[in-house]
Structure formats: structure tokens, C-alpha cells
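Before any comments, here is the structure.
Read the figures in this text as sums done on the coordinates, not as results from a lab. Computed from a predicted structure; not experimentally measured. Here Cβ is always computed from backbone atoms with ideal geometry, including for glycine, and neighbour counts include all displayed protein chains.
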């Protein structure tokens, strides 16, 4: 539901260029997968999109405006290693609604509904710090989508978690996409996951987007040799 | 050795003696230490969190300063505070020398760096992550601060307990600025120092045991309070 | 139990010696140089070679220490005999307690009755009178109770004035010799001072003088401590010279039967030296340079 326009974006760490994108647009309600080898600049890009890093030069426009508090209110990001609050699972998921000043009844209803949908009722009252990796990541996802953000950024959300949890996560993400039509950007190492979830894929290499296209086209007929190498390698592995 | 055994007996007698002077000493100790710890907390928690999460010029110097202040000798603090509030000092006109107020001020100076340092340490470790989360979930500045306090509550609690422990057990500062005046500024530690000077070891040990016992009770209360969150 | 205590004592002494060494090392040009030849002369001229233990633990009152007397005479004793004196300055009560526990070799205190009890109970060998000083009543410069005008030589009358005017008074309140002296005077007056004007500090003489100065009050002090601090105080003597204000110092060797760490030979030597013409002369001279008057009057028999 939010479109993003990247213009002449660069990021330098200690005078070394880690990211350089001349122009790139993410349309409303797109579901974009970002793939590429380690060090390609994927994480740097999504952190900048999430407003957690400032560009060295260039700009990112969210529906034609620069980042601002109201924009922060309608987007979010899920990290590979999520930070859960030192409180119950329920309170973790309810937190974004609490700061959006929803009334307690509405919060209760919404959170419980999502908890049931994701099949995590059994841990609802558990302290979030005692959860396993897969459970923790599900809670982090629930906490991210509970307030129906217009832009959802996922940075390798299913790395190092069990297959069953991956399945639940993908189902939940998909359902959220179908119901609310947000813009979703997911960084993933898993080509199959990108194929399952995304409508478009961008392949990054050495800080640049070297190829971009519909996901099935990209995976089956990559035009760039770098992309081809990467995808074949990932599939064999 | 007999003094220690005698001390145990006397400690029990003291607690049940209903002696007004002893109770005054005990209550004043608790009051002064709790007041200074509470006021220190109000300064120390925000400072610790800000230093832990923000980058600014000379930050390393500030951190080193806080760490150094954590091990300030109480006598030095007492002496400096005394020189400020003494009759000839710049704040002599306040007339607070040898009063509980002076004791609280000296202890605030001792305790604030301890709580600040401990809160800073916790914030340094987790603060960045918490702030990042708050940002991605759309929290404003105030909500972020509250979230930091809530998430770092164990560090804050540890800081408060350590600060209180320092306050209730120190003797150098309260002796100098309070003067150990009987029925007015005499607290448990200054009473112990005085009794030692008088060679009444058993009574000194007895008050020491009462002090230990009270610290245990207050720490338990704080602990329960923190657990019940 | 004695064993444990004396072990603790020897550890303490050991640490003290270590600290002295450190102090010596940190000031090589000042401290270390004169020390070494002093040791040599001692070993040549040592008149008492039979004493093996060269350290003596003297327990005395803070007022003695504060006066600076010990700093003036102890180095001479060390030069004469080769014995280092470690001074532990505490209240009279604790000084006597250290003697009872066998944690000191010799005591120099000023509470005659307690000292006599101490010897009578077998904790000490014999009590010798060595010197006396006198107490004075100090008051603020404006003397709000008009003590100096009405009772310059009458301590009872002076205290009565303070009591009646409820002028600030700081009491040692620490069971020290000075405190006992003050209490006996109130007793004689049949008065029981209390109230916000009467502050019981429970601290050393030096600290009490500072407090009295801060509170613009009156206090009873030994002349020696007052003279050594008077430049920093806005206090003056309002009453002095009353016979009741004389303060006799006694010196007692701790009974060596208490434990085998007590250095009785050195204690005896120290007492002999303090009572000798030389010791007595040094005591009498102390303070004349700085204060223009003796702080202690020697009176060994």
C-alpha cells in the first residue's frame, strides 16, 4: 500500500562503498524478494528502507515524502534475531497496538484472533524470553503485522528455524498480504521461499541491484550470469 | 571472638529492646539511605540510559568519569560536601551542616554514579536493540524511553540495590557532614565507628548485625517488588 | 583465641610495616636516606641488645595523637633504642580494651580511675604518672553566654551559664577521658544537659572542635588539641585554670602473660625512657617553639 522510490542512494562505511542504487521503485502492494550473496548490501538496503540507517547520499521517498514519524507508524521490520520484550507473548504482540492507543478490548480481540490463527495459543502467557527460536520468530512476526503496516520489511526472518515454523510464518505472511495488500520486502537466502512468496525478485551483487523481474522468470530464466550462478548454486545446495 | 558471640545476643536484645534511641538510629539510617537512593535514581536512570544509547563527543571521557566516580571514597565526598556547606563555605548560609539533609546530599553524590554506571552498562548492551525495536514499531521518544526503562528494569533494580547498599553501609561521608550527633544525626554506621572507638566491640557487632538484617529485609522487599512486575 | 587475636595483630603490624616500606620507597630522597644511617648508628650504640622485637605497639588516645607530642618525641626514642613505636590512636575506652585483649604492648591514657581498675584487674603491671595537661572551656568569639566575663576560672559556674542560656554545646559523647571529665562536671553541678543545644558527637577531639566551630558553640577540650588547631578555629578560651581541669596521663605496660606477642621488654624500656630525665625534658619542651608554651607538664615521680 506504500510505494517507495529510491534515488541515487549510496552508503559508505569507512569510505568504502557498500551500496549504490541509482534508481529503483517499489510499487504499492508489491511483494519483493531480495536475494544475493553475503555482503551484497541486502541488509544495508533494508535497514535504510526501514529508516534505521541514514543514506550517505541520495534519498528514499515513501509516497513522495521523506521518512517522518507518521511514516514510521505505518511500517515495520522483522529482524533475523528479533528482540522480544521481557514480558508475556500476549503483551509483546499487543505492544504496537498499545502505543497506537487502541482500547484494551479491541487489543484483546485482535491479539487473540491472531494468536489463534498462528496456532500459538499454548505460549500466549509464557514469558517471551523463554521461547525457542521458531516460537520467538513467530511472535516477532505477529507483533509486526498486528497493526497492519502499509510496509513490512523482513530480514531473513526464517533463517535457522525449524521447517514447521517456517511454514506457519509463510502462511501468516501470505494471508496478511492477501487481506491487507501491504508492500512487503523480504531478504532471503532461500530461493524456494522467494519463489513461494514473492511476486518480484531483485538480485543484488556488490551493492548494486543487478537484476530485477517477476520471480518465476528470475528463478527459471535469469538473464544475468551472476544471478544464474547464484540461483543454481543455491538450488544445488 | 567473644565479642562476636556477645554481639549476636545483643543484636537480638537490641531489636526487641524498644529502646527509643536505638530505633531512632535504625530509622534514621533507613530514611537517609532510602531518600538518597531514591533521589539518585531520578537522576541516574535517565543519565545512564542517555549515555548508553546516544553518541556524542567526549562520550568515552564521560563514561570513564562515571566509572571513576563509582569508586569515590566516602570520606572525600564527605569532606568536599562539608567544605561547601560549612559556615565559611559557599552554601554555609543554608545552615544544613550536621543535619540529615546534609547526609542525604553527600550520599546522593556517592550513590548517583553507582546507579548511573550500572544502568549505563545494561543500556550499552541492550539499549541499541531496544531502541531499534521501538522505532520499527512506531514508538515516539517518550514511549521509547519508557520501553527502555521497562526492558532494563533488572539493571535498574541492580543499580538501585547496589546504590542503597553503598548508602546504608558507608560511614565516612555521613560521619563528616552529619557529625554523629546523638538523637539527631547518629546512624548505624557512625554508631558502630563510635562504639569501636570506645572499645565496646560487642555492641558494635550487634548494631552491625542489625544493619545486615535490615539490608536483607529491604533487599528482599525490593526483590519481590521487582519480581511481581 | 589468644592465638587468633595475636595472629591478627601480627598481620596488622606486618601490613603497617609494608606500608611504611612503600611510603619509604615513594620518597627515596627524603625518607629512605636518613633512615638507613639511623639504623646503623642504632646497631652500634644499642644499649639494650637483649630486646629482639624492635616494634612496640602503643595504644593511646586521639587527643594525645592530635596534639603532635608523639610525633615530636617518638623519633628520639627510636634513635636512642632502635625500637619503632607503632601508635594506635583511639578513644580511652578502646585503648583500655586493646590492653585487656592483649592487642597493645603499652598504654598512654588519661582516665585515672579506669586505669587503676585496669591494673587492679591484672591487665597491666603498674601505672606510672608521666605528665599532665589541662582542659579549657572554649566558646565562640562573641561568647553569647558571657562565660569569659562571669566565670573565667570557675568551670562549674561556666557550665552552669551555658546550661542556663541553652547555648550550643558540643560534647565528645564518646566515653573518652575528656568526655568522662565533662560528665563528672555536670554530675557535680547536678545537671543533666539535653535538648537541641547539647550535641553529643561521639567523635575525636579534633572533629569535635571543628563541629563546635561550625555550630558556634562551647566545648570542653584539652589545651594541647586546641592549641594545635586554634588558627583554624573561630573559638577562644572562656574558662581555664580551675583545679578541676587538670588531666593526669598515666603509662601502663600491658601484662605480658596475656599472649606471647606482647613485647614486654620494649614496653618497659619505653616507660623507663618516658620517666627518665631526658623523656621528661622532651615532654616539657614540646610546644614551646610553636605555641610559646608547654602543652604537657611532665610530673613523673
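Sorting B:191-197, C:104-110, A:61-67 by their mean Cβ neighbour count within 10 Å, with the most densely packed peptide first, gives C:104-110, B:191-197, A:61-67.
Normalised by the number of residues in chain B, the mean separation of alpha-carbon contacts (under 8 Å, six or more apart) gives a relative contact order of 33 percent.
Using just its DSSP H runs of length 4 or more, each adding -39500 (n - 2.57), chain A gives a mean residue ellipticity at 222 nm of -12000 deg cm²/dmol after division by all residues. For residue A:25 and residue A:167, the FRET efficiency from 1/(1 + (r/R0)^6), where r spans their Cβ atoms and R0 equals 30 Å, is about 0.40. The smallest convex shape that holds all Cα atoms of chain A, its convex hull, gives 126 Å³ per residue.
With a Förster radius of 45 Å, plug the Cβ-Cβ distance of residue C:243 and residue B:23 into 1/(1 + (r/R0)^6) and report the FRET value to the nearest 0.05. So the FRET efficiency works out to roughly 0.60.
Going from the fewest other Cβ atoms within 10 Å to the most, the residues C:249, A:12, A:95 appear in the order A:12, A:95, C:249. Taking the C-alpha atoms only, the angle from helix A:104-118 to the longest principal axis of chain A is near 60 degrees. Of all beta bridges that DSSP places with both ends in the protein assembly as shown, some 60 percent have antiparallel geometry. Note on B:160-170: average number of Cβ atoms from other chains within 10 Å of each residue's Cβ is 0. The mean number of partner chain beta-carbon atoms within 10 angstrom of a residue's beta-carbon across peptide C:201-208 is 5. Our Cα-only numbers for the stretch C:135-246 put the radius of gyration and Dmax at 12.2, 35 Å.
Taking each residue as 0.36 nm, the span from residue B:8 to residue B:143 lengthens on full extension beyond its C-alpha to C-alpha distance by 43.6 nm.
Out of every Cα pair in chain B, what percent are spaced more than 33 Å from each other? The share of Cα pairs beyond 33 Å in chain B comes to 27 percent. Mind checking which of B:162, B:29, B:17 has the largest fluctuation in a GNM of chain B, springs on alpha carbons under 10 Å? Residue with maximal mean-square fluctuation among B:162, B:29, B:17: B:17. Only alpha carbons enter this Debye calculation for the stretch B:148-229, each as an equal point scatterer, and the log10 of I(q)/I(0) it gives at q = 0.11, 0.13, 0.19, 0.27 Å⁻¹ is -0.39, -0.52, -0.85, -1.25. The Kirkwood radius of the stretch C:168-301, taken over pairs of alpha-carbon atoms, gives through the Stokes-Einstein law at 20 °C and 1.002 mPa s a diffusion coefficient of 124 µm² s⁻¹.
How far is the Cα center of the stretch C:113-154 from the Cα center of the stretch B:71-100, in Å? Measuring centre to centre over Cα atoms gives 31 Å. Panel order for C:244, C:258, by other beta carbons found within 10 Å of each beta carbon, from fewest to most: C:244, C:258. Inter-chain neighbour count for B:175-188: the average number of beta-carbon atoms from partner chains within 10 Å of each residue's beta-carbon is 5. From its DSSP helices (H runs of at least four residues, each -39,500 (n - 2.57)), chain B gives a residue-normalised ellipticity at 222 nm of -27000 deg cm²/dmol. The simple Förster model, with R0 at 51 Å and r as the Cβ-Cβ distance, assigns residue B:39 and residue A:228 a FRET efficiency of 0.15. By the count of other C-beta atoms within 10 Å, a proxy for reagent exposure, C:127, A:28 are ordered fewest to most as A:28, C:127. Projecting label points 7 angstrom from Cα along Cα→Cβ for residue C:277 and residue B:212 puts them 5.8 nm apart. Please list, by residue number, everything in the stretch C:171-200 whose backbone N is under 11 Å from a paramagnetic label point 7 Å out along Cα→Cβ of residue C:164. The answer is none.
If I model the protein assembly as shown as equal point scatterers sitting on the Cα atoms and use the Debye formula, what is log10 I(q)/I(0) at q = 0.07, 0.08, 0.11, 0.12 Å⁻¹? Once normalised to I(0) and log-transformed, intensities are -0.70, -0.79, -1.16, -1.34.
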